Amino acid sequence: MAQNRIDCRYNGHDFHPSPSKIAMTTTDIPIRFDTLPTANGQHLGIATLWSEKSLNALSLEMIRPLAAQLQQWHDDNNIAAVLLRGAGDKAFCAGGNIRQLYNSMLAHPTLPNPAAVDFFGHEYALYRQMHMYAKPIVLWASGIVMGGGLGLTAAASHRIVTDTTRMAMPEITIGLYPDAGGSWFLQRMPAKSGLFLGLTGIPFNGRDAIITNLGDYAMSADAWPQLLAALQQADWQTHARHNHAIASHTLNTLHQPHRLPESQLLPHLETVHDILNAGDIHAVDERLRAGFSDPWLQRAADTYSQGCPATAALTWRLFERARHLSLAQILHMELIVSLHCCHNGDFQEGVRALLVDKDKQPRWTRSLAECSPAYIDSHFVSPFAAGEHPFDAWLRH
């Protein structure tokens with residue numbers, strides 16, 4: 001019997017193109033799909049983000065067909081599990097294609113920006129689809145994993161990190177905020193380390209990913225063929241609920257934590273917790289600007305100090321607001337906040353400074369002292385008419 005269809009709809013219309021459309025267009029889009037037979041007659045679905053030049057940055061041309069193919073594999077009893085990876089060795093996914101968003105901000109200065117609604121709407125619906133997926137999603141988080149790449153990682157059921165894994169949520173450097181479900185998964189990191197990583201954008205490695213609940217298993221970066229061979233030999237079942245345990249058992253036999261570098265976060269976890277409990281964002285700001293003798297903490301503080309003040313205040317407020325929200329409520333909220341960020345000027349300026357003019361001299365719209373509670377809270381006011389938020393139906397279930 002086919003699995004129930006996952007509800008990821010946008011204003012009454014499916015986010016996904018039809019499976020037949022995928023079959024005709026996979027050679028023209030930056031994503032590739034394949035299936036691999038297993039020893040007991042089942043198949044593995046393999047999706048590869050196929051834009052090595054952009055470090056596999058997420059675009060609508062990736063997101064739409066991936067969502068559709070996941071639905072097709074979800075409904076196909078011959079598919080036991082799904083594997084998701086990025087092309088090449090450098091990156092799984094370095095975030096979203098923010099250059100496309102920059103162009104849309106120039107072309108559509110209105111709120112809500114229709115191009116931003118389209119991009120963020122499809123992106124966040126994909127994360128929810130993956131979180132709710134009945135079958136195992138095994139994700140190969142090797143190389144660079146940033147922004148939207150972390151959204152995909154957090155949404156997968158089985159995450160493999162390697163000796164080359166380098167993760168970050170660096171949105172403070174571009175005037176956005178840790179979106180892509182970051183308001184959900186940063187909450188689930190120990191000792192408020194998620195809030196620290198979101199405020200500072202400091203990179204962290206594969207061992208840190210396991211500590212912060214973004215990784216489950218460790219392998220060498222060159223062990224992809226070994227992974228495929230083991231999954232092909234697994235005793236997959238026809239019922240999806242059994243296959244999660246089978247995936248876990250198989251991956252545990254491959255788990256080699258000694259392959260990973262030493263944690264960068266763990267030795268600083270107590271200090272991080274102390275900093276984040278200094279008081280409000282202004283007290284934390286004072287602590288981060290005071291300077292550290294420790295090089296890792298100072299790198300984090302330097303990135304924070306050069307970053308967007310409004311992002312810092314917004315990241316802090318999101319962490320407070322998201323504490324007791326469900327995933328659906330958080331993605332509903334993040335869509336609103338992201339649209340405001342496309343409108344408030346800082347996101348556009350950050351992308352200009354980093355990727356367009358590349359002068360690395362962003363002129364932020366306001367200081368932290370000028371980020372009043374009213375200004376930050378205005379980011380949570382829906383720009384949609386009543387009943388027209390694309391994710392309203394999620395909250396009625």
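Stretched out straight at 0.36 nm per residue, the stretch from residue 388 to residue 108 would grow longer than its current Cα-Cα span by 98.9 nm. A straight chain from residue 367 to residue 253 at 0.36 nm per residue would run longer than the Cα-Cα distance by 35.9 nm.
With Rg and the Kirkwood Rh both taken from Cα atoms, where does Rg over Rh land for the chain? Write down the numbers at each step before the final one.
Values: Rg = 20.6 Å, Rh = 21.5 Å.
Checking Rg against Rh, the ratio lands at 0.96.
Given 10 Å bins starting at zero, what is the percent of C-alpha pairs of the range 105-248 in each, up to the one with the largest pair distance? It works out to 11, 35, 33, 16, 4, 0, in whole percents.
Each of the peptides 219-226, 380-387, 231-238, 179-186 was scored by the mean count of other Cβ atoms within 10 Å over its residues; in descending order, highest first, they stand as 179-186, 231-238, 219-226, 380-387.
Tell me, what is the percent relative contact order of the chain, built from C-alpha pairs under 8 Å that lie six or more residues apart? Could you put the intermediate results ahead of the total?
On the way: 736 pairs, mean separation 68.8, N = 397.
Contact order relative to length: 17 percent.
Size descriptors for the range 292-340: radius of gyration and Dmax over Cα atoms are 14.3, 41 Å. Listed values for the range 246-260 are Karplus-derived 3J(HN,Hα) couplings in whole Hz (6.51 cos²θ - 1.76 cosθ + 1.60, θ = phi - 60°), namely 5, 4, 4, 4, 5, 5, 5, 5, 9, 5, 9, x, 5, 6, 8, and x replaces Gly and Pro. Taking every C-alpha pair closer than 8 Å and separated by at least 6 residues, the mean separation divided by the residue count of the range 317-397 gives a relative contact order of 35 percent.
Applying a 10 Å radius around every beta-carbon, put 325-334, 150-159 in order of their mean neighbour count, most first. Walk me through the numbers before you get to the answer.
Details: 325-334: 19.7, 150-159: 24.4.
Peptide ranking by packing, descending: 150-159, 325-334.
No value in this document is a laboratory result; all are computed from the given coordinates. Remember, it's a predicted structure, so these values are computed and weren't measured experimentally. Heads up, the Cβs are rebuilt from the backbone with ideal geometry, glycines too, and the neighbour counts pull from every protein chain shown.
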